[in-house]
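One structure is given below, encoded as structure tokens.
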Amino acid sequence: QPLSATNVNAYVDQEFSDFPTYSSFLADNFVVPAGGWQISAIFVPGSGWNGFSTILNATMLHVEIYADAAGLPAGYPGGAAPVWSLAAAPTDAQFTVTNGSGGYPSNVLVTPTVQPTLTPGTYWLVFYPSMAFTNGQYGRQNADTTNGGTTLFINPGGGFGYGTTWQSASVVGMTQPDLAFRIEGVALPVELQTLSIE
């Protein structure tokens, strides 16, 4: 799901260590076909504002994959556990940070040392930094695609006043239905077939 050609705005997606009730997360779904996948890489473009200069100012980067529960993620950061997760400092070798569309170091390529294996089904991808508001605000960006369900938003602490459950990301002004991201991996059982969704 490539970065939108018409809207490169970023939408809040950050764990705020200094204002935890405002911590907010975005999720978009993807489908693993029959046989399953072994994921080798996840690419997430992003940007920032309000004093943001680099995602390297985060204390941790988090990648979480949740199962689907009737069209919603079966959990959220700080709530029910994901089926797979990775949390490490942005300088960890599993992360490669490059400049995003806004000119900041804000795009992240994740190459997990222990590659997750997913059985067939629908899943939800969540990516976010743990970063203080004093280092600015980070956000995920749209794609122009219409794959599966629309992007969802959650603010578990209720600081923004939109409620505390998963809901359409249109509540924070998101206009396109999908988030930009790419997942790379190998089909299972292994048939030397490389898969890439973007």
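The values are calculated or read from the model by the stated rules, or taken from the named source; none is laboratory data. On a predicted model such as this, the values are computed, not experimentally measured, just so you know. Neighbour counts are summed over all protein chains in view; Cβ atoms, including those assigned to glycine, are modelled from backbone coordinates with ideal geometry. Areas reflect the complete protein model, heavy atoms only, side chains present, ligands, DNA and RNA absent. Shrake-Rupley method; radii C 1.70, N 1.55, O 1.52, S 1.80 Å.
Would you mind computing, in nm to one decimal, how far apart the modelled labels at Q167 and A87 are, each placed 7 Å from Cα along Cα→Cβ?
In this crude label model, Q167 to A87 measures out at 2.6 nm.
Which one, G173, G148, G159, has the greatest fluctuation when you compute a Gaussian network model over the chain with C-alpha springs under 10 angstrom?
It is G173.
State, to one decimal in nm, how far the label point of T146 lies from the label point of D18, with both points 7 Å from Cα in the Cβ direction.
It is 4.2 nm.
Around W124, with a cut-off of 11 angstrom between Cβ atoms, what is the net charge of the other residues, counting Lys and Arg +1 and Asp and Glu -1?
In short, -3.
With contacts defined as alpha carbon pairs under 8 Å and 6 or more residues apart, what's the relative contact order of region 1-47 in percent?
The value is 34 percent.
Please state the relative contact order of the chain as a whole percent: Cα pairs under 8 Å, 6+ residues apart?
38 percent.
At q = 0.20, 0.21, 0.34 Å⁻¹, what base-10 log of I(q)/I(0) does the Debye formula yield for region 24-67 when every alpha carbon is treated as an equal point scatterer in vacuo?
-0.91, -0.97, -1.49
Can you pull the percent of region 1-99's accessible area that's carbon plus sulfur, 1.4 Å probe, other chains left in place?
C and S atoms contribute 57 percent here.
Spin-label point model (7 Å from Cα, Cβ direction): what's the R182 to A34 distance in nm?
Result: 2.9 nm between the two label points.
For region 1-143, with only Lys/Arg (+1) and Asp/Glu (-1) charged at the beta-carbon, what is the dipole magnitude about the Cα centre, in debye rounded to 20?
Charge dipole, region 1-143, about its Cα centre: 160 debye, nearest 20.
What's the extension gain from T134 to F160 if we count 0.36 nm per residue and subtract their Cα-Cα distance?
Result: 7.6 nm gained on full extension.
How large is the accessible surface per residue of region 77-167, computed with a 1.4 Å probe and reported in Å² as a whole number?
41 Å²
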